[in-house]
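S.K.: Handing you a structure now.
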Amino acid sequence: MENLADTLEDIHRRLEDVSHLVLEEEGSDLEEAIDQLAKLEDSNGKIRLCLMDTQRSVAFLMRQLRGHSELQELAREIMRDVETLMTHTTFLFDKINFLMDSTQGFINIQQNQIIKIFSIAAVVFLPPTLVASIYGMNFEHMPELSWPYGYPFALLLMVAAGVSPYLYFKHKNWL
């Protein structure tokens, strides 16, 4: 029983390290944290299973020890210890699940930031690409081609079409 309690304390200590890694360190390796959390959850589950087996065994012994009050009291004390450790495993399961959810949430936020950058880049470069593709067509009658400032006008139009969405996003604090 003491070995199980010591192992639970070790799991709790390691869980505090993972908690610090996930919740307090900037730029930490969140995938490594998920791996550690999975291992801690597995260890905690095995301990809980041992405690449940012990609880059933002690309950059986208590039924067999009727009439031996001193042994029954010892069995009740063991049962209280087992129930206390079961409560601790439940606490650890809850903490592991919270940290797992938090870690996955942080990973989702990071991925959303990356997708947001790609989306904004696509929106910023789409209008200049449209302007360039229009002026790249081989039409016979395009009045801007004969203008003396037609080429600079097209370049200016592409720059304005690219800068406009960028400024709009900046104004909305999306960047």
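The values are calculated or read from the model by the stated rules, or taken from the named source; none is laboratory data. Here the structure is a predicted model, which is why all the values come from computation and not from measurement. All Cβ positions, glycine included, derive from the backbone under ideal geometry; neighbour counts span all protein chains shown. Ligands, DNA and RNA are stripped out before the accessible areas are found, and what is left, the full protein with its side chains, is counted by its heavy atoms. Shrake-Rupley method; radii C 1.70, N 1.55, O 1.52, S 1.80 Å.
S.K.: Just to be sure I understand, how many residues within region 37-75 are over 25 Å from ASP6 (Cβ atoms) and either surrounded by 15 or more Cβ atoms within 10 Å (Cβ to Cβ) or basic (Lys, Arg) (or both)?
M.R.: Adding up the residues that qualify gives 5.
S.K.: Something else about it: Being among the hydroxyl-bearing types (Ser, Thr, Tyr) and closer than 15 Å to TYR135 by Cβ is the filter here, so list the residues in region 149-175 that pass it. Write out each step before concluding.
M.R.: To start, the set of residues in region 149-175 that are among the hydroxyl-bearing types (Ser, Thr, Tyr) comprises 149, 151, 164, 166, 168.
TYR149, TYR151, listed by residue number.
S.K.: Take the residues in region 126-148 that are outside any loop (DSSP other than H, G, I, E, B) and among the hydrophobic types (A, V, I, L, M, F, W, C), then tell me which one is farthest from the chain's Cα centre (by Cα).
M.R.: LEU145
S.K.: When you scan region 149-159, how many residues do you find that are open to solvent by 50 Å² or more (accessible area, probe 1.4 Å) and over 27 Å from ASN173 (Cα atoms)?
M.R.: Looking only at that region, the number is 5.
S.K.: Could I ask something else about it? Look through ILE34, ILE107, ILE78, ILE114 and report the one residue that is assigned to a helix (DSSP H, G or I), loosely packed, with under 15 Cβ neighbours inside 10 Å, of a type in the set (Val, Ile, Thr) and touching a residue at least 24 places away in the same chain (Cβ under 8 Å). Break it down into steps so the answer makes sense when it comes.
M.R.: Details: ILE34 fails: loosely packed, with under 15 Cβ neighbours inside 10 Å; ILE78 fails: loosely packed, with under 15 Cβ neighbours inside 10 Å; ILE114 fails: touching a residue at least 24 places away in the same chain (Cβ under 8 Å).
None of the other options fit; the residue is ILE107.
S.K.: Name the single residue, out of those in region 125-143 being surrounded by 13 or more Cβ atoms within 10 Å (Cβ to Cβ) and modelled with pLDDT under 80, that is farthest from VAL159 (Cα to Cα).
M.R.: Result: MET142.
S.K.: Tell me, please, whether a residue that is acidic (Asp, Glu), open to solvent by 60 Å² or more (accessible area, probe 1.4 Å) and part of a helix (DSSP H, G or I) can be found in region 4-15. Before the answer, list the steps.
M.R.: So in region 4-15, the residues acidic (Asp, Glu) come out as 6, 9-10.
Checking the rest, the ones that are also open to solvent by 60 Å² or more (accessible area, probe 1.4 Å) come to 6, 9.
Imposing the further condition that a residue be part of a helix (DSSP H, G or I) reduces the set to 6, 9.
The answer is yes; a qualifying residue exists.
S.K.: Can I ask one more? What about SER146, is it more than 30 Å from GLN36 (Cβ to Cβ) and either aliphatic (A, V, I, L, M) or open to solvent by 80 Å² or more (accessible area, probe 1.4 Å) (or both)? If you could, list the steps in order and put the result at the bottom.
M.R.: On the way: more than 30 Å from GLN36 (Cβ to Cβ): yes; either aliphatic (A, V, I, L, M) or open to solvent by 80 Å² or more (accessible area, probe 1.4 Å) (or both): yes.
When the stated conditions are applied, SER146 passes them.
S.K.: Take the residues of region 160-175 that are of a type in the set (Ser, Thr, Tyr) and open to solvent by 70 Å² or more (accessible area, probe 1.4 Å): which is nearest to GLN113 (Cα to Cα)?
M.R.: Restricting attention to region 160-175, the residues satisfying the condition of being of a type in the set (Ser, Thr, Tyr) are 164, 166, 168.
Now restrict to residues that are open to solvent by 70 Å² or more (accessible area, probe 1.4 Å): 166, 168.
Values: TYR166: 16, TYR168: 18 Å.
Per the criteria, the residue is TYR166.
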